[in-house]
Amino acid sequence: MATITGQVIFDKERNKQLDVATDVGVGNIAIVLQNTTSNDRLGVTTATSPVTSIGIFRFTNVPDGNYRLILVDGYTGNTQDYSADFSSIYVERGAEIPKSKLPNYIVIQTDSRVDRINDLSAVSPTLIEVTVTGDVDNQNFYIGPTELNVVKSNVDVIASNDQVDDLNPEDIIDYEINTPAADPTQNLMPDNPDKYDNLYNLDDLDDSDNSDDDNNYNPTPSIVIPPLNSPNKISVSMTVNSNTTYVGDILTYNIVIQNIGSVSVGTANNPVILSDYLPQSVSLIPQSIFINNMQIPYINLFQLNLGILTPRNTVTVSFSVEVHSARFGPIYNMAKIFYGYSPTGFMNSNTYLVNSNVVITYVY
């Protein structure tokens, strides 16, 4: 039996290599391993900690044969966290081939993002063919900032990303996505190309201000903590059913999200999102996720869409995990809530962040 390892890497310079100074691993992204003969498959979510291991994934007990590795954000099949056992009961037999899908740019930590870019595209293929006759290492997926070029203007120039700031707003009349595909046979782009229409809000540029202020061209929402007296306020609290546990036990988390402000929060394009990076020592139990006591399909807890919350509206999310390791020490868990709000509409909205309390369970 063999082991397959790799990492999902945010490749800031899009050069298909890990640059320690600028690139970072991307945690909690689903990678699916599927046998190309039997179509048996199992997913794994990339590690979220420690810092030196973020983005790493591993499949163990893999029999010899031919396989495909696929990056599938929001994968709804069975997954295990960080390390997936291909001989386990979680393997789905004779399953369909999943379609690759890239994550939203919010998976990239704020200080690693690229100015003026608010989407991701693949730098290397999102599907890797692997022949297993022994251990296979360094099966890495590189994703990077989508490249955006202005292609037409009233002054008849072609502007690259770095040259956009040299154009006056009234000169810009068109733009295009410029993302070289590493492999044209693979699904390297997100499913909905219309989302790129919002990369540059060209219609909203202020013709009266021709300053060099980069904010005129920056579509990346600022992620801020709502001020104390802000009308858009969310509270979030997390509880767990036990503060002590043993390997093999089941823990159940309960998260309560309430709009305690005076206005609705979240929009159709920037909804309320719950993000929970599960610790490495636990695995999410399929079919254990409930929203307001209603069971929902097994999905990735990193990007759970809760829609729009009206004032005083409360949403309760619960899920269960299995404890499979004690070597990482106590189990720490915290939920993050991202949401959009603007009194004037989506295009001018900010993305706000609220963290839950941290809950701790000691493993014996």
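None of the figures in this text is laboratory data; all of them are computed from the coordinates on show. Everything numeric here is computed off the predicted structure, so don't read it as measured data. So basically every Cβ, Gly included, is an ideal-geometry build from the backbone, and we count neighbours across all protein chains shown.
At R0 = 30 Å, how high is the FRET efficiency between E96 and S262 if r is their beta carbon distance? Nearest 0.05 is fine. It would help to have the intermediate numbers written out before the result.
On the way: r = 47 Å, r/R0 = 1.56.
About 0.05, to the nearest 0.05.
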For labels at T314 and K336 in the simple 7 Å Cα→Cβ model, what's the distance in nm? 2.6
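With a 10 Å Cβ neighbour count serving as the proxy for reagent exposure, in which order, fewest first, do T46, T131, T5 appear?
Details: T46 26, T131 10, T5 16.
Sorted ascending by nearby Cβ count, the order is T131, T5, T46.
I need M238, M334, M1, M294 ordered by Cβ neighbour count within 10 Å, fewest first. The partial results should precede the final answer.
On the way: M238 19, M334 16, M1 13, M294 7.
Ordered by Cβ neighbours within 10 Å, fewest first: M294, M1, M334, M238.
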Just grab the label-to-label distance for S49 and D137, each label 7 Å out from Cα along the Cβ direction, in nm (one decimal). 2.7
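Using Stokes-Einstein with the Kirkwood hydrodynamic radius over Cα pairs, what translational diffusion coefficient do you get for the stretch 2-144 at 25 °C and a viscosity of 0.890 mPa s, in µm²/s rounded to a whole number? Please report the intermediate quantities before stating the final value.
Working: Rh = 15.2 Å.
Reported coefficient: 162 µm²/s.
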